[in-house]
Each structure stands twice: as C-alpha cells, then as structure tokens.
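Below: the structure, in structure tokens.
Bear in mind these aren't lab numbers, they're just calculated from the coordinates by the rules spelled out. If you're wondering where the values come from, they're calculated on a predicted model, not measured in any experiment. Using ideal geometry, Cβ is built from the backbone for each residue, glycine included, and neighbour counts are taken over all protein chains shown.
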Amino acid sequence: MRFSSLVLKNLTRRPSRTLLTLIALTMAVAAVVALRGISRGFTDSFAGVYQSHSVDIVVSRQGTADRLSSSVGQVAVAKIESLQGVDKSAGVLLETLSLEDQQVYGIPTMGIAEDSWLRQDFRWRDQIAADATPERRVSLGIHLADRVGLSVGERVKIFEDPFMVAGIFESGSVWENGSLVMPLKQLQSLSDRNGQVTYINVIVDADVGSNDIQAVLADIQAIDSRLHAMTTDKFVDTDTRMQIASAMAWMTSIIALAIGAVGTLNTMMTSVLERTREIGVLRAVGWPKRRVIGMIVSESIVLAMLASILGAILAIVTTGALSRHPAVRGVLVPSIDANTILEGTCLAVLIGLIGAILPAKRAASVTPTEALRG
C-alpha cells in the first residue's frame, strides 16, 4: 500500500470522528474567512464613499480622535479650492438620524450643498427640482428607499418635523446607497452646527503627480493649523473605526482557530492511541521515526485542506445571504477575495500542524516492543 493511500485509509477508518473534526475545522475556517471578508468589505465600503467621487484628499480637524465626528469651518472650503494644484473642493457634514415612523434608526446622513459637484456624481432615479419644494427636503439612497418603502413626493418625520422626499439616488458607494442626503444648510440648522462641516473632499488637478500632492497637503495645512489633510487611502487606512473592525475580526478569528486546534489535537491524539500496535508494527518492519511523524502530520494536513475548501464555500454563501437581508443591505458588503481565502487556508494548515505536533511525537516515541506488548 502506498503512503498516500495509507493516510486516506486512516482518515476513513473512523468516519464519524473524522467528520466531526472536519466540521469543527470548517467552522473555524469559515469564521476566519467570513470575519476577514466582512472587515475588508467594511473598509472597502468606507473607501468607496470617496472613490465614487474621485476624491484625492480628505481634510478633517487636527487632533480629532474620531475623524467622522470632526468639525471644520466651512470657510476653509473656498480657501482650499483657491490653492494651486486644487481642482475643486466640497464640504460634507455627517450626522446620524432616524426615521422613527418607519422604525429605521441610525441612518448615516450627509449634508451637501445644493450646488455641490458631489451631487452631480449621483445617478438620480427620480428627483424634484429644488425650487419646486420650498419646504424641508431629503433624498434617499436606493437601498434605504427600498428598505423604508418611500418614494419621491412622500413625507417623512425627523425630530417630529416633516420633510419631503425630494429624490432617490444611486451611488457607486454602497454606503451612500443606504444613506440620507440633505442640503448642507438644512442639516447644519437641524444639528445646530451652523458654518461647520465634518470634512472637506478635495480633487487635485489632473497634472498633479504623486510627488506633487505632498506640496498640496502642506499648502492646505498652512491655511489653518487646525486642518489635517491626508490622501484618501491614508485617511481610510488610519481611521479608528477601520482599525477596530480589523482588530475585532482577528481577535474573534483567533478564538475560533484555538477551538479548531484543540479539536484537531484531540482527534489526532486519540487516533494515535488507538493505533499504537499498528504503529509498532510499522516501526518493526523498518519505518523510521520521520516517516511515522509524516503520516500523522499528513492526516492532519489533509483534514485542514478539506476544511479550508469547505470553510471558504460556507463563508461565501453565508455572508452573501446576510448581505441581501433588508436589515443590513447597503451596510454589510463582504469582500472575500483570493487573499482572504488564502489567509484562511494558511491558518487552517497552521491549525493542522499545531494539532498534529503532540500526536506525531507520541507516535514516533513508541518502540516496536512496547507497542506490541501493549
């Protein structure tokens, strides 16, 4: 019998135990891939807010721990736009509002000026002209509109005040598709933040290269020492929310991996104990210790590779189903790419190795006389 055939036969000899171990490993890998995919999707969704508008630089307030709740004077928008190398800029005010009558809470809301170029990037499904609605107005992303069942011309209440749904828009950003958009002055008045924005989006001139953009950043910060200008990629990567999401995904994954490693260790150790006489025979017919260790480790690696395949499939199916649920549509957008699956596979193999170390040593330490006597 070939070595590979013996490894497979050992795994199928106790199908129930092998299946339970495979399930435990699969769940551990699925947890890692799903959580990492959700974390990456969260970051991609956040980055998409700026990428959908081709934003090169984001300006927030210096020293603010949570940049999405920073406060920048609106007067800085025009000053930044007048700088050399800057094509255009626009301030955005972020708040979180609720549509209580529709029982939808914690909706991200953006205050954008009526004449801002940011609005031109939206694809409007339906819209009422600004001069046709003198009352308070609000626009809904397509996912939010589907979720609450509202259409253009209907009215909603925010803080007991009536607002007309003046538009339904679609954005290249999934996050924006689940958000509200209000005229900037209206949201400033509603949140008592007159003359303030949360951050300023900046697009540089087409001829500004990656080396020249540092000069633009310096010029922006020279306007006011309280301004903190960063390239979009750096702004997203260093955001506290993104870092916390990634850390939580890894911490939860480590717990799942530990459980999987213990399960693998238990299975392989029990398997070795049950096959003590068999291992003794193999040692008696000339198998060296390294070959015995290789057999035990190979069994564990085969289980880990199967678990990585099944775990990746389970993670993709589960997160895909969750992302289509109305409660999280437009918020949960998993991003399970080849790198995420490779991470899960590498970790699964690591689990297999960790779970096989002690059993392999135990098997290699058995002498033929002790094994046959037992």
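Tabulated data
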| quantity | calculated |
| --- | --- |
| From phi via Karplus (6.51, -1.76, 1.60), per-residue ³J(HN,Hα) for segment 40-52 in Hz, x at Gly/Pro | 5, x, 4, 5, 5, 5, 5, 5, x, 4, 8, 5, 5 |
| Built amide H within the under 5 Å cut-off of Ala113, gap 5+ | Leu184 |
| With eigenvalues of the C-alpha gyration tensor scaled by 5 and rooted, segment 15-123, Å | 42, 19, 14 |
| Long-range amide H partners of Phe169 with built H, under 5 Å | Arg125, Leu140, Gly141, Ile142 |
| Orientation-averaged projected area, Cα convex hull of segment 120-255 (nm²) | 12.6 |
| Matching label, semi-axes √(5λ) of the Cα gyration tensor in Å computed from the structure shown, candidates (1) 47, 25, 18; (2) 34, 24, 18; (3) 58, 24, 15 | (3) |
| Total charge dipole magnitude, the chain, about the Cα centre, Cβ charges on Lys, Arg, Asp, Glu only, Debye to nearest 20 | 3100 |
| Full-stretch length increase - Ser16, Leu68 - with 0.36 nm per residue and alpha-carbon distance subtracted | 13.6 nm |
| Burial order of peptide ranges 253-262, 345-354, 20-29, 210-219 (average beta-carbon count within 10 Å, highest first) | 20-29, 345-354, 253-262, 210-219 |
| Stretch in the chain that is longest and holds no GluC sites (Glu not before Pro) that DSSP places in a loop and that have at most 16 other beta carbons within 10 Å | 161-374 |
| 25 Å Cα-Cα threshold exceeded, pairs from Lys79/Lys157; Lys79/Lys185; Lys79/Lys234 | Lys79/Lys157 |
| Exposed-loop-free span, longest in the chain, where trypsin sites (Lys or Arg not before Pro) count as exposed if DSSP calls them loop and at most 11 other C-beta atoms lie within 10 Å | 3-323 |
| 222 nm mean residue ellipticity, helices alone, for the chain (DSSP H n ≥ 4; -39,500 (n - 2.57); rounded to 500) | -18000 deg cm²/dmol |
| Rounded, prolate or oblate (a/c below 1.5 giving rounded, otherwise prolate when a/b exceeds b/c) for segment 132-198 by Cα gyration tensor | oblate |
| Fraction of alpha-carbon pairs over 20 Å apart in segment 208-267 - percent | 56 |
| Cα-centred dipole magnitude for segment 19-86, charges only on beta-carbon of K, R (+1) and D, E (-1), debye, nearest 20 | 120 |
| Whole-Hz couplings from phi, Karplus 6.51/-1.76/1.60, listed for segment 307-318; x for Gly and Pro | 5, 5, 5, 5, x, 5, 4, 4, 5, 5, 5, 5 |
| Residues Ser225 and Lys157, FRET efficiency given R0 of 45 Å [Cβ-Cβ distance, rounded to 0.05] | 0.60 |
| With Cα atoms, 0 to 90° folded angle of helix 3-13 axis to the chain main axis | 80 |
| Residue among Met242, Leu118, Ala215 farthest towards the positive dipole end of the chain, charges placed on Cβ | Met242 |
| Built amide H within the under 5 Å cut-off of Gln62, gap 5+ | Leu227, His228 |
| Extension reserve of the Ile309-Asn194 stretch, reckoned as 0.36 nm per residue once the Cα distance is removed | 36.0 nm |
| Lys/Arg +1, Asp/Glu -1 at C-beta; segment 127-285 dipole; positive extreme among Val281, Ile203, Leu190 | Val281 |
| Global geometry of segment 44-177, whether rounded, prolate or oblate, following the gyration tensor of its Cα atoms and the 1.5 cut on a/c | prolate |
| Förster radius 22 Å - calculated FRET efficiency between Leu358 and Arg291 (Cβ-Cβ, nearest 0.05) | 0.75 |
